[in-house]
């Protein structure tokens, strides 16, 4: 394997002894630059745990992870720094700060990444325009539809120019019209920005347009 993100024998176990649950079981896979990867599987198959490890939110019990050619050193590296510089996340729940505007929600992510002031505002405006919200910059989450809030989440995920964005069921809380719109957004961002997307979803529309689909079952990747 020689991808942007590579896992080697990744395993994640929760608990010990008879209570142990192996959520991710000896996974070897890679994700390439600019690739739209869809991850499928039944509830409890390990999908969310896997992308949480690949995105440096969780530490594996064993195995290794390589991002952009460098192996993650869990003993000495600051995982939050890797997330800030190389990884973006979009979740089922939009996780926007309710008292901030769309523009401010995106700027907060940039502030964490070291981009501040007029530069951050200009870039946030550009990102929100790219995700189709040029007229909603000053609206708070409560003033936005579910689809619009998820678009803000994507703009926020792109705030620090990540190499890859992980999205966990990004359309789960949306109606069919907004779901289709978000799926089209994912495809266009992937192509236009040449960013890898790894998306956990059951949405047939994205499955049809993915570069690759992998299936998970009982913590194992059936086809990587």
*For residues that are assigned to a loop (DSSP other than H, G, I, E, B), touching a residue at least 12 places away in the same chain (Cβ under 8 Å) and more than 14 Å from the chain's Cα centre (by Cα), scanning just segment 72-96, find the one that is surrounded by the most Cβ atoms within 10 Å (Cβ to Cβ).*
96
*Looking at (1) outside any helix (DSSP H, G or I); (2) within 19 Å of residue 52 (Cβ to Cβ); (3) in contact with a helix residue (DSSP H, G or I) (Cβ under 9 Å, 6 or more places away or on another chain), can you tell me which one residue 215 breaks?*
(3)
*Residue under evaluation residue 182, criteria (1) over 14 Å from residue 37 (Cα atoms); (2) at pLDDT 95 or above; (3) surrounded by 21 or more Cβ atoms within 10 Å (Cβ to Cβ), criterion not met*: (2)
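Please state which one of 163, 100, 158 is more than 13 Å from the chain's Cα centre (by Cα) and surrounded by 13 or more Cβ atoms within 10 Å (Cβ to Cβ).
Details: 163 fails: more than 13 Å from the chain's Cα centre (by Cα); 158 fails: more than 13 Å from the chain's Cα centre (by Cα).
Among 163, 100, 158, only 100 is more than 13 Å from the chain's Cα centre (by Cα) and surrounded by 13 or more Cβ atoms within 10 Å (Cβ to Cβ).
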*Single unsatisfied condition, residue 208 versus (1) surrounded by fewer than 21 Cβ atoms within 10 Å (Cβ to Cβ); (2) in contact with a helix residue (DSSP H, G or I) (Cβ under 6 Å, 6 or more places away or on another chain)*: (2)
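When you check residue 107 against the structure, is it in a strand (DSSP E or B) and buried (at least 19 other Cβ atoms within 10 Å of the Cβ), yes or no?
Numbers: in a strand (DSSP E or B): no; buried (at least 19 other Cβ atoms within 10 Å of the Cβ): yes.
The answer is no for residue 107.
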*Right, residue 151: assigned to a helix (DSSP H, G or I), in contact with a helix residue (DSSP H, G or I) (Cβ under 9 Å, 6 or more places away or on another chain), at pLDDT 90 or above and over 20 Å from residue 34 (Cα atoms) or not?*
no
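Going through 113, 147, 117 one at a time, which residue ends up being within 17 Å of the chain's Cα centre (by Cα) and more than 21 Å from residue 186 (Cα to Cα)?
Details: 147 fails: more than 21 Å from residue 186 (Cα to Cα); 117 fails: within 17 Å of the chain's Cα centre (by Cα).
So the residue among 113, 147, 117 that is within 17 Å of the chain's Cα centre (by Cα) and more than 21 Å from residue 186 (Cα to Cα) is 113.
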*Limited to segment 158-182, what total is found for residues that are assigned to a loop (DSSP other than H, G, I, E, B), farther than 12 Å from residue 83 by Cα and out of contact with any helix residue (DSSP H, G or I) (no Cβ under 7 Å at 6 or more places or on another chain)?*
3
*Residue list for segment 37-71, filter: out of contact with any helix residue (DSSP H, G or I) (no Cβ under 9 Å at 6 or more places or on another chain), within 14 Å of residue 163 (Cβ to Cβ) and in contact (Cβ under 8 Å) with a residue 60 or more places away in the chain*: 37, 54, 66
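The values are calculated or read from the model by the stated rules, or taken from the named source; none is laboratory data. Bear in mind that the values here come from a model prediction, so they are computed numbers and not experimental data. Neighbour counts run over all protein chains shown; Cβ positions are idealised from the backbone, glycine included.
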